[in-house]
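Q: A single structure is presented below for examination.
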Amino acid sequence: MTALHRQPPAIRLGVNVDHVATVRNARGGVHPDVVRAALLAVAAGADGITAHLREDRRHIRDEDIRRLKAELLVPLNFEMAATDEMVGIALEAAPHACCLVPERREERTTEGGLDVLGGGVTLARHVDTLARAGIRVSLFVAPDPDQIAASADIGAAVVELHTGAWCELRAAGHGAEAEAEFERLRRAATQAAALGLEVHAGHGLDYETAEAISVFPELRELNIGHFLIGEAIFVGLEASVRRMRQVIAHGRKAALAVA
Ligand code: PXP
């Protein structure tokens, strides 16, 4: 087999534009515009756009989802809590994908993975309703073998592995624990792919961590927001997205080298 045949498929980059809305909402009004940021990210190489309509509407608002869906030519990944209200909005908006996440009002960001095992018939019903509408359903889970097995059991098409704990451990200088969490992520990716689930990952990623995780051959998509929007303050959104694309491609090459 040639190197070309062995090369794992490229990783798609979904740019999360939530924090463009955070800045906009700090003053009210319409600047900076979420759709303009999304179109710029796409022009710079994003394969898709992700937006999380939180129940408290703290950043993305209903109108943003409608406009993103109307104006984007790339897939929209609608992040949402697994509630009747959000499923109703998703059915109306008809995004390419829905990523179901746990949500607590007091958290600053999505802190843990979804409890798929404990989600019972209600979660399974939401997954089924969305899938029947032709929406690709992704479950945002910790790299926990039971949660991944449960995700396959209830018919999800995708799991997005929560990289937040790994990124935090690295940032705090806890090298050994970070390495152990990275290995959990690696095993989770292998397990999920073996169960027929498409593997995505996200949360807390920056250039270094995105490059490091791109060696997982099962990985098909990364969803990245906070770091890219923060970097955009210094270098512009186009440059931060372009550089992210480059480091992901570089990480992928390392996967080829070990294949
Ligand atoms: N994926 C999911 C499921 C998320 O909830 C988030 C945060 O909204 C992200 C990816 C992106 O995380 P970050 O903004 O830290 O890059």
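Q: Take the residues in the stretch 158-180 that are hydrophobic (A, V, I, L, M, F, W, C) and away from the ligand (no atom under 15 Å from the Cβ), then tell me which one is most open to solvent (accessible area, probe 1.4 Å).
A: Here the residue is 176.
Q: Starting from residues that are without any contact (Cβ under 8 Å) to a residue 60 or more places away in the chain and in contact with an Asp or Glu (Cβ under 6 Å, 6 or more places away or on another chain), keep the ones in the stretch 104-139 and report whichever is nearest to the ligand (Cβ to nearest atom).
A: Looking at the filtered set, the residue picked out is 105.
Q: How many residues, within the stretch 231-242, are open to solvent by less than 30 Å² (accessible area, probe 1.4 Å) and either β-branched (Val, Ile, Thr) or at negative phi (or both)?
A: Matching residues across the stretch 231-242 total 4.
Q: Look through the stretch 204-229, keep the residues that are within 14 Å of residue 242 (Cα to Cα) and open to solvent by 30 Å² or more (accessible area, probe 1.4 Å), and return whichever of them is farthest from the chain's Cα centre (by Cα).
A: 211
Q: So which residues in the stretch 206-228 are within 16 Å of residue 52 (Cβ to Cβ) and not in a helix (DSSP H, G or I), if there are any at all?
A: Of everything in the stretch 206-228, those that are within 16 Å of residue 52 (Cβ to Cβ) and not in a helix (DSSP H, G or I) turn out to be 221, 222, 223, 224, 225.
Q: Condition first: part of a loop (DSSP other than H, G, I, E, B) and closer than 21 Å to residue 101 by Cβ. Now tell me which residues in the stretch 27-60 satisfy that.
A: Within the stretch 27-60, 46, 47, 53, 54, 55, 56, 57, 58, 59, 60 meet the criteria.
Q: Here's a follow-up. Examine the stretch 220-232 for a residue that is modelled with pLDDT under 95 and among the charged types (D, E, K, R), and state whether such a residue exists.
A: no
Q: Now a separate question. Can we say residue 104 is modelled with pLDDT of 95 or more and basic (Lys, Arg)?
A: Taking the combined requirement at face value, the residue does not satisfy it.
Q: If we keep just the residues of the stretch 19-53 that are touching a residue at least 40 places away in the same chain (Cβ under 8 Å) and under 14 Å from residue 76 (Cβ atoms), which is surrounded by the fewest Cβ atoms within 10 Å (Cβ to Cβ)?
A: That would be 47.
Q: Okay, moving on. Return only the number of the condition from (1) assigned to a helix (DSSP H, G or I); (2) buried (at least 18 other Cβ atoms within 10 Å of the Cβ); (3) within 16 Å of the ligand (Cβ to nearest atom); (4) not hydrophobic (A, V, I, L, M, F, W, C) that residue 252 does not satisfy.
A: Unmet for residue 252, out of (1) assigned to a helix (DSSP H, G or I); (2) buried (at least 18 other Cβ atoms within 10 Å of the Cβ); (3) within 16 Å of the ligand (Cβ to nearest atom); (4) not hydrophobic (A, V, I, L, M, F, W, C): (3).
Q: Just to be sure I understand, how many residues within the stretch 127-140 are of a type outside the set (Gly, Ala, Ser), out of contact with any Ser or Thr (no Cβ under 8 Å at 6 or more places or on another chain) and surrounded by 16 or more Cβ atoms within 10 Å (Cβ to Cβ)?
A: Matching residues across the stretch 127-140 total 6.
The values are calculated or read from the model by the stated rules, or taken from the named source; none is laboratory data. Keep in mind that this is a model prediction, so the values were computed, not measured. Backbone-built Cβ (ideal geometry, glycine too); neighbour counts: all protein chains shown. Side chains included, ligands, DNA and RNA excluded: accessible areas come from the protein's heavy atoms. Shrake-Rupley method; radii C 1.70, N 1.55, O 1.52, S 1.80 Å.
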